[in-house]
Every structure is written in C-alpha cells, then in structure tokens.
1. Give the Cα extents of the chain along the principal axes, in whole Å, largest first.
2. Got the relative contact order for the range 75-129 handy, in percent, Cα pairs under 8 Å and 6 or more residues apart?
3. Per residue, how much accessible area does the range 58-144 have with a 1.4 Å probe, in Å²?
4. Note down the net charge around VAL135, summing +1 for each Lys or Arg and -1 for each Asp or Glu among other residues with Cβ under 15 Å from its Cβ.
5. Extent of the range 89-132 along each principal axis, from alpha carbon coordinates, in Å, largest to smallest?
6. Can you compute 3J(HN,Hα) from phi for each residue in the range 80-95, using the Karplus curve 6.51 cos²θ - 1.76 cosθ + 1.60 with θ = phi - 60°, rounded to whole Hz and x for Gly and Pro?
7. Using Cα pairs closer than 8 Å and at least 6 residues apart in sequence, work out the relative contact order for the chain, in percent.
8. Ignoring ligands, DNA and RNA, what percent of the 1.4 Å accessible area of the chain is carbon and sulfur?
Amino acid sequence: MSQTSTGLSAQERAAVKQRAKELREQEKAGKNREAGTAAVRQAIEKLSGTDRETGEGLYRVVSDVAAHLVPKTYYGMPGWANDAGKIVVFLRPADKFGERYATIGFEDRAALDDGDIWPVAFAVPAWTPAVEAKVADLVRVASR
C-alpha cells in the first residue's frame, strides 16, 4: 500500500472522501427511504460477479425479513440502518479491498450477542440458498 503524508493509504483516503460525501448526501436526504434505496441499488449495480450476487441476495433478505431497516451506503458499500440512522448490517465487497470473498458485517447495535464471544462478520465466497437462509436468520435477529 502506498502511504500518504497523513499516514493513510490511497485506498483509505478514498474511503474517507466517499464517507464524507455520503454523510453530506444523507444529511440533505434525512431519513428518506427512497434516496437510501437508490444509493444502495446504485452501489450494488456497480458490483460484479459474486460481489453483485451477494449484494442482490442481501438486498432481498433485508427487504424481506427487516423491511423496517433503512437502506443507506456506508463507505460506498450497501448497508441498512436502524431508526436512529445507525448501520446494522452492511456488505463489504471483495473487489473493493482486493480480498478473496465478500463479507457481510454487523455493527455493535446488531443484537447478535451470544455469551462471552460472538461473530460480527461472515465470509461469503458465493451466494447460495443455504447462505441466504443463514443470512436471513442473522438479519432477523440483528434487526430486532
């Protein structure tokens, strides 16, 4: 990774700029579901291959089992937020970070707590019916 004078890589600087842009757009739109849906759909449409399949699958699952969550992008990634505007679940595409699989992540407000330790991110190398069922269960619990 190439480092800039601030210690951030070029990729990290781009992510910070993307997030600042999102926050400005979200401030203008407020809790507008239509604006959020358009932003998430646009983010998914930019994906390719298994990232796009995973994005489409996650969009379907959240729309089905947690329709009360508000779509919004999170550092350019598709995400869904609670009523307070805080991200609950998001997709981290593999291609965006040069990784071998996409990750579905859950923020701390997701109700996945299970004892002394629990996972908050899940690797998704391919979207399958079994993955869709597992993700639906996770989103259902996380969005309570």
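The values are calculated or read from the model by the stated rules, or taken from the named source; none is laboratory data. On a predicted model such as this, the values are computed, not experimentally measured, just so you know. As a convention, Cβ positions derive from the backbone with ideal geometry for all residues, glycine included, and neighbour counts pool all protein chains shown. Side chains are part of the model used for accessible areas, which takes the heavy atoms of the whole protein and leaves out ligands, DNA and RNA. Shrake-Rupley method; radii C 1.70, N 1.55, O 1.52, S 1.80 Å.
1. Result for the chain: principal-axis Cα extents of 44, 35, 34 Å.
2. In percent, rounded to a whole number, it is 26.
3. Per residue, the range 58-144 has an accessible area of 52 Å².
4. -2
5. 32, 24, 15
6. Those phi angles translate into 9, 10, 7, 4, 7, x, 8, 4, 9, 9, 8, 10, 9, x, 4, 4 Hz.
7. Working: 212 pairs, mean separation 29.1, N = 144.
Relative contact order comes out at 20 percent.
8. On the way: 4370 of 8430 Å².
Looking at the chain in its full context, I get 52 percent from C and S.
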